[in-house]
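Derivation of every value follows stated rules applied to the coordinates shown; laboratory data play no part. Everything numeric in this text was worked out from a predicted model, so none of it was measured. Glycine also receives a Cβ, built like all others from the backbone with ideal geometry; neighbour counts cover every protein chain displayed.
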Amino acid sequence: MEKNSSGKQRIAKAGALLCPTCCVEYVEIEFDFEVEGVILYNVKALRCPDCEEEIFTPQQVETIKKEVNYLNEVKAKKLER
Ligand SMILES: [Zn+2]
């Protein structure tokens, strides 16, 4: 018995993420990103070419967190002097 198979099922390619709104594959972008007063250069994120919604993958979030922590440490050391 087929249950509710009228809608087409969209299968994401391995590693590809789809925008839930547009069902379009996100494209990778790079930009400068300011967070907590520090600027990160060439941060990678994903952007939907249709609605221009930008998201970070969990990996990218991790990378950003690490860089922010590192830069804040550097900043704190400079302020101590
Ligand atoms: Zn979209």
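How large is the Rg to Rh ratio of segment 27-80 when both quantities use alpha carbon positions and Rh follows Kirkwood?
On the way: Rg = 13.1 Å, Rh = 12.1 Å.
My calculation puts Rg/Rh at 1.08.
Using modelled backbone amide H atoms (1.01 Å from N, in-plane), which distant-in-sequence or interchain residues come within less than 5 Å of VAL35's amide H?
Here the answer is LEU40, since their amide H atoms fall under 5 Å of that of VAL35.
Explain nothing, just compute: Karplus ³J(HN,Hα) = 6.51 cos²θ - 1.76 cosθ + 1.60, θ = phi - 60°, for every residue of segment 48-63 in order, whole Hz, x for Gly and Pro.
Result, ordered by residue: 7, x, 8, 9, 6, 5, 10, 9, 10, 7, x, 5, 5, 4, 4, 4 Hz.
For ALA45, what is the net charge nearby, where nearby means another residue's Cβ is under 12 Å from its Cβ and Lys, Arg count +1, Asp, Glu -1?
Cβ neighbours under 12 Å give a net charge of -4.
With an 8 Å cut-off on Cα pairs and a minimum separation of 6 or more residues, tell me the relative contact order of segment 27-80 in percent.
28
Around VAL24, which amide H atoms from residues at least 5 apart in sequence, or from another chain, sit under 5 Å from its own amide H, with H modelled in the peptide plane?
Placed amide hydrogens put CYS19 under 5 Å from VAL24.
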